[in-house]
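Working notes, structure below.
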Amino acid sequence: MRGDPGKRGQQMTKPGVQYAALPFRQAGAPEIMLVTSRDTRRWVIPKGWPMKSRKPYAAAAREALEEAGVTGKISRTALGVYPYLKRLGNGAALRVKVRVFALEVLQERASWPEMAQRDRRWFSIADAAEAVEEPELKAIILAFGQF
């Protein structure tokens, strides 16, 4: 997937796969942690590419640590999948399917690898769904709030 992504601005046709964590806590009502993306600063969930010798849920947990500075108990079963267009460094777009795993946050670190590049914030279920752009991710967040 990471080979030559094509000419600048060209959309890729072969989909990639990423793994994401949906960090949550029970603070009375459940809350979802979102982080800002590095480039566009829009609200997203921590996600990344598969990691060699790590299960998908373990890769999602690692992304939550790196991007949001949170650790906890990760579900081994995905909540769902949503698609999005990932902008690559050369300007090309790659269609990506993101498998989302619930992460019950047990610790928030004061410092973490990407803290200088991202903001993190707790949201109510409804506000988190409103803050993200991808319709299918909104649906996953709202469905999670029904449990």
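Candidates R120, R76: the one that is touching a Phe, Trp or Tyr at 6+ places or on another chain (Cβ under 8 Å) and farther than 13 Å from L22 by Cβ is R76. Mind listing just one residue for me: the one in the range 27-37 that is surrounded by 12 or more Cβ atoms within 10 Å (Cβ to Cβ) and modelled with pLDDT under 95 and, of those, farthest from K97 (Cα to Cα)? Ranking the qualifying residues of the range 27-37, first place goes to P30. Residues that are surrounded by fewer than 16 Cβ atoms within 10 Å (Cβ to Cβ) number at least 3 in the following strands (runs of 3 or more DSSP E) confined to the range 53-128: 80-87, 93-108.
Matching residues to (1) of a type in the set (A, V, I, L, M, F, W, C); (2) under 19 Å from G16 (Cβ atoms); (3) free of Cβ contacts under 8 Å to residues at least 12 places away in the same chain:
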{"position": "I45", "(1), (2), (3)": "yes, yes, no"}
{"position": "K52", "(1), (2), (3)": "no, yes, yes"}
{"position": "A64", "(1), (2), (3)": "yes, no, no"}
{"position": "L85", "(1), (2), (3)": "yes, yes, no"}
{"position": "L94", "(1), (2), (3)": "yes, yes, no"}
{"position": "A102", "(1), (2), (3)": "yes, no, no"}
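So how many residues does the range 129-141 have that are part of a helix (DSSP H, G or I) and either β-branched (V, I, T) or over 14 Å from A102 (Cβ atoms) (or both)? Here the count works out to 9.
The values are calculated or read from the model by the stated rules, or taken from the named source; none is laboratory data. All values derive from a computational prediction rather than experimental measurement. Every residue, glycine among them, receives a Cβ derived from its backbone with ideal geometry; neighbour counts consider all protein chains shown.
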